[in-house]
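The values are calculated or read from the model by the stated rules, or taken from the named source; none is laboratory data. All values derive from a computational prediction rather than experimental measurement. Cβ placement follows ideal geometry from the backbone for every residue including glycine, while neighbour counts extend to all protein chains displayed.
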Amino acid sequence: MISMLEGSKAVAEAVRLCRPNLVCAYPITPQTHIVEELSRMVADGRLHAGYVLAESEFGAASIVLGGSAVGGRTYTATSSQGLLLMTEVMFNIAGLRLPVVMTCANRAVSAPINIWNDQQDAVSIRDSGWIQLFVEDNQEAIDTHIQAFKIAEQSMIPVMVCMDGYVLTHTLEPVEVPEQEKVDNFLPPYNPSYRLDPNDPFTMGSMVGPDAYMETRYNMHNDMMDARLLIERVARDYEAEFGRWHGGLVETYDMEGADLVLVSMGSLLGTMRDATDELRREGLKVGLLKIRCFRPFPINAVHDAIKDIEVVGVIEKDISLGLEGTLCSEMRSAFCGEESPDISSFVMGLGGRDITVDEIKQVARDLANNPSCRVEFRGLNEELIRGDEH
Amino acid sequence: MEREGRIINLMEPGHTGCAGCGQAIAARLVIRAAGSNVIVANATGCLEVYTTTYPRSAWEVPWIHSLFENPAAVASGIEACLKAMGRYDGIKVIAQAGDGGTADIGIGCLSGMFERRHDILYVCYDNEGYMNTGYQRSSLTPFGARTTTSPSGALSWGNVTRKKNMPLIAVAHGVPYVATATPAEPRDLMRKVQKALQIEGPKYLHILVPCVPGWGYESEETLELARLAVETGLFPVFEIEKGVITKIRKPKERKPVEAYLRPQKRFAHLFQPGNEHLIVEMQQIADENLAIESGPAVLYGTGGVAKELENEEEEIPPKAGSGG
């Protein structure tokens, strides 16, 4: 059945269908509607879960960590500053191999304080050991959350589902909320092989010295790399069960005979699809590469998708200050030791600045005229820039 | 207790704690009193390091260490999730940390645990400083103590602040059972653990644990120093139930603070000429502690401030001095 749902409510419905034992969060814009809706479900008896009101995001992450350690299916959601405050716990959750699932309602990071959308928050903690999946629309948000619990519990790696704040969280779209029975078939109850239990005492979180720490990290890295296959497989299984496919690790669009390819993550892909359609009609052959899985980074899939392309532009809503957009750097790593396409970084849409179809088309046209590798901010207001310091 | 025909300590010997470690003695008493049907969330610190250096563990109970500042939150998640899964029956949840993990970096998570009324016993092992990192000052370091970050020197006589009053902070959260103890009185300590675990809701147990290298004394003096801390009045031992002080350990023979200070290198500078006033001030702190009487806990530990207020403003109604 198709319903008209705000993105946040759609996510809450998906989480409810996954039957979490424990939900814990701390409110932060633009994540709030998700956790409000979940608390309402608990209050109404539609969701039978513990709901803990944390004193901070740091506390919320620690609380779901504890719940996961005793074998519960746990969920939290946050954004921006909240994610950064959770960072220490996030590394810990990943290291303890606890399959927590989180929604990150992507938002800019302070200072200056800004509550609007970009993706700096999630990108900044890419090394925490969490799988990071970016979704394009609210239907994908629903479907990816259901996949996320399965991926997390099969790999014992926590999963963060990233959805653009406001653009998705506060926007109503027609979505199909799956039936409970089908979700139950797809996602069996969580039954971990280890958990804190007085009947079988077990020490979790030991002090590990130079003799074994590195192997622990190596194992985590290997498992993260292996998770690429799992993510792909779970997406296929989901398609078989529910009939919807949003891509596995990456998805391509209009690649047939493309002269250049634009790359991005998240909701911007929708706008980019419109832009490439128009460009094709105008005679410029542009393809799209959607990065759905940012961690583990799908270097093989990226390589195969653009290896025959000469010019690539990465449009992203984050900046590694002092270098370039982070996704652009990752893209380049797919061509280590090989001839690489010219991959340029276009930093756009920071702090909620709108990115229009025309701006995307202009990026493509400019790349067609001048393919050389470069880093550019687009959509700047020249009047606000210090003129003498570039 | 016995498991598979073998007598076991729930916190086994063979760990790498210092000889004479007051915390190791106290932690073993706590878990012995609590029994095996527990789950323990432990903060980063000495106890975590010397009991769980991989691949060994001293713990015969399910035990988790996550971070320095979050055992209260991890325990909250454990308790809430066990309840939600219907697995809570009979399991006791204990969170434990040192003084820095409790009173400084972890106080936010602890406050959350208290106010949400989780059914958890929180144990603070107070050795009065960051001993695991090399004896730095915490907010539970006593007045006058020399630490590696509050050294004595030409312009300094060590730590200038009094101990943060953690028991009263717990009381202010409405924690129904708050108690202090030392390993010098093991039966008293274990009784308090068992009593706490009978009470539903958050419980706070604050244990003074002498630290051989951090305080600078001989390892056989641990229990004697713990005893002297109580007998001089510098560490008051009491129970507070529903906000009312119900039991206070009144020393039979009251000792001057010098008896406690002199064996410890961290107080050695207090005995240098010109520092006599500091010992006088420490005696005042001890006298205030020993003046605690049974009754509402609101005036305890206010460092004389409440008394001064009373003198200045006679209009204060009896219950308005909450928390000092």
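Here is how the numbers come out for the structure above:
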{"read-out": "Residue that is farthest from residue A:69 (Cα to Cα) [pool: residues in the stretch B:9-58 that are out of contact with any helix residue (DSSP H, G or I) (no Cβ under 6 Å at 6 or more places or on another chain) and assigned to a strand (DSSP E or B)]", "value": "B:53"}
{"read-out": "Any hit, the stretch A:33-51, residues being over 18 Å from residue B:83 (Cα atoms), touching a residue at least 40 places away in the same chain (Cβ under 8 Å) and in a loop (DSSP other than H, G, I, E, B)", "value": "no"}
{"read-out": "Single match in A:59, A:82, A:72 (criterion: assigned by TED's automatic domain parsing to the domain that holds residue A:168 and part of a loop (DSSP other than H, G, I, E, B))", "value": "A:72"}
{"read-out": "Single condition residue A:85 does not satisfy, out of (1) away from every other protein chain (no Cβ under 14 Å); (2) of a type in the set (A, V, I, L, M); (3) over 30 Å from residue B:86 (Cα atoms); (4) in contact (Cβ under 8 Å) with a residue 24 or more places away in the chain", "value": "(1)"}
{"read-out": "Helices (runs of 4 or more DSSP H) within the stretch B:253-315 that include 3 or more residues modelled with pLDDT under 95", "value": "B:276-290, B:305-312"}
{"read-out": "Within the stretch A:188-225, considering residues that are of a type in the set (A, V, I, L, M) and assigned to a loop (DSSP other than H, G, I, E, B), the one farthest from residue A:126 (Cα to Cα)", "value": "A:196"}
{"read-out": "Test for residue B:172: is it buried (at least 24 other Cβ atoms within 10 Å of the Cβ), small (Gly, Ala, Ser) and touching a residue at least 24 places away in the same chain (Cβ under 8 Å)", "value": "no"}
{"read-out": "Test: residue in the stretch A:55-69 that is among the aliphatic types (A, V, I, L, M) and more than 14 Å from chain B (Cβ to nearest Cβ)", "value": "no"}
{"read-out": "So residue A:65, is it under 19 Å from residue A:189 (Cα atoms) and either touching a residue at least 24 places away in the same chain (Cβ under 8 Å) or assigned by TED's automatic domain parsing to the domain that holds residue A:18 (or both)", "value": "yes"}
{"read-out": "Residue in the stretch A:174-214 that is surrounded by the most Cβ atoms within 10 Å (Cβ to Cβ), counting only those that are within 14 Å of chain B (Cβ to nearest Cβ) and of a type in the set (D, E, K, R)", "value": "A:195"}
{"read-out": "Residue A:372 being exposed (fewer than 10 other Cβ atoms within 10 Å of the Cβ) and in the same structural domain as residue A:302 (by TED's automatic domain parsing)", "value": "yes"}
{"read-out": "One residue from A:142, A:151, A:125, A:131 being in contact (Cβ under 8 Å) with a residue 40 or more places away in the chain, assigned by TED's automatic domain parsing to the domain that holds residue A:22, touching a Cys at 6+ places or on another chain (Cβ under 8 Å) and of a type in the set (Val, Ile, Thr)", "value": "A:131"}
{"read-out": "Tally, over the stretch A:267-290, of residues that are at positive phi and in contact with a Leu (Cβ under 8 Å, 6 or more places away or on another chain)", "value": "0"}
{"read-out": "Check on residue A:148, of a type in the set (A, V, I, L, M), closer than 19 Å to residue A:16 by Cα and out of contact with any Pro (no Cβ under 7 Å at 6 or more places or on another chain)", "value": "yes"}
{"read-out": "Residue in the stretch A:155-171 that is within 14 Å of chain B (Cβ to nearest Cβ), surrounded by 19 or more Cβ atoms within 10 Å (Cβ to Cβ), at negative phi and of a type in the set (S, T, N, Q) present", "value": "no"}
{"read-out": "Scope the stretch B:107-126; condition of a type in the set (D, E, K, R) and either within 18 Å of residue A:64 (Cα to Cα) or within 9 Å of chain A (Cβ to nearest Cβ) (or both); matching residues", "value": "B:115, B:116, B:117, B:119"}
{"read-out": "Flag for residue B:72 being facing another protein chain (nearest Cβ under 9 Å), within 16 Å of the chain's Cα centre (by Cα), at pLDDT 95 or above and part of a helix (DSSP H, G or I)", "value": "yes"}
{"read-out": "Selection status of residue A:108, surrounded by 22 or more Cβ atoms within 10 Å (Cβ to Cβ) and either part of a strand (DSSP E or B) or away from chain B (no Cβ under 11 Å) (or both)", "value": "yes"}
{"read-out": "Whichever residue in the stretch B:83-106 is among the hydrophobic types (A, V, I, L, M, F, W, C) and closer than 15 Å to residue B:121 by Cβ and, among such residues, is nearest to the other protein chains (Cβ to nearest Cβ)", "value": "B:91"}
{"read-out": "Per-region count, the stretch B:55-79, residues hydrophobic (A, V, I, L, M, F, W, C), surrounded by 24 or more Cβ atoms within 10 Å (Cβ to Cβ) and more than 19 Å from residue A:199 (Cα to Cα)", "value": "3"}
{"read-out": "Residues that are in a helix (DSSP H, G or I), crowded, with 24+ Cβ neighbours inside 10 Å and of a type in the set (D, E, K, R), drawn from the stretch B:85-142", "value": "B:99"}
